[in-house]
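Have a look at the structure below before the remarks.
Please treat every number below as a calculation from the coordinates, not as lab data. Fair warning: this is a prediction, and the values are worked out from it, not measured in the lab. Neighbour counts are summed over all protein chains in view; Cβ atoms, including those assigned to glycine, are modelled from backbone coordinates with ideal geometry.
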Amino acid sequence: MITEYCRRRHHTSDDDSMCPDCQELLDYAVKRLTRCPRGESRDSCRKCVIHCYDTAHRESMRQVMSYIGPRMIYLHPVMAVKHLFGEIRRKK
């Protein structure tokens, strides 16, 4: 999602290169998710009681998600539908 956000908002090329800010956000997110104390049983980070991200990175990730989230149904429809069903299932 960060790669797609960077392509659309920062006009980077279609290969896997990103701007330095987006690359740093991706590296930070991967590091924090691999060290998450809740592991694979976690809900989305937005709903988590343990905040692994610092304030600045949380705000950056919120901007990425709010921009690219609604576009996911067009970019990756299967992934978007799976995500929605997972969110519905977790609410029960």
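Which residues' amide hydrogens lie under 5 Å from the amide hydrogen of T12, considering only partners 5 or more residues apart or on another chain, with H built in the peptide plane? When sequence neighbours closer than 5 places are left aside, the close amide H contacts are R7. For region 73-89, putting each phi into the Karplus relation 6.51 cos²θ - 1.76 cosθ + 1.60 with θ = phi - 60° gives couplings of 4, 8, 7, 9, x, 5, 4, 5, 5, 4, 5, 4, 5, x, 5, 5, 5 Hz, in residue order, rounded to whole numbers and with x for Gly and Pro. The candidate values were (1) 12.5, 39; (2) 13.9, 41; (3) 14.0, 46; the one computed from these coordinates for Rg and Dmax of the Cα atoms in Å carries the label (2). Here the chain is treated with +1 on each Lys and Arg Cβ and -1 on each Asp and Glu Cβ, and its dipole about the Cα centre works out to around 720 debye. Adding -39500 (n - 2.57) for every DSSP H run of four residues or longer, then dividing by how many residues the chain holds, sets the calculated 222 nm ellipticity at -18500 deg cm²/dmol.
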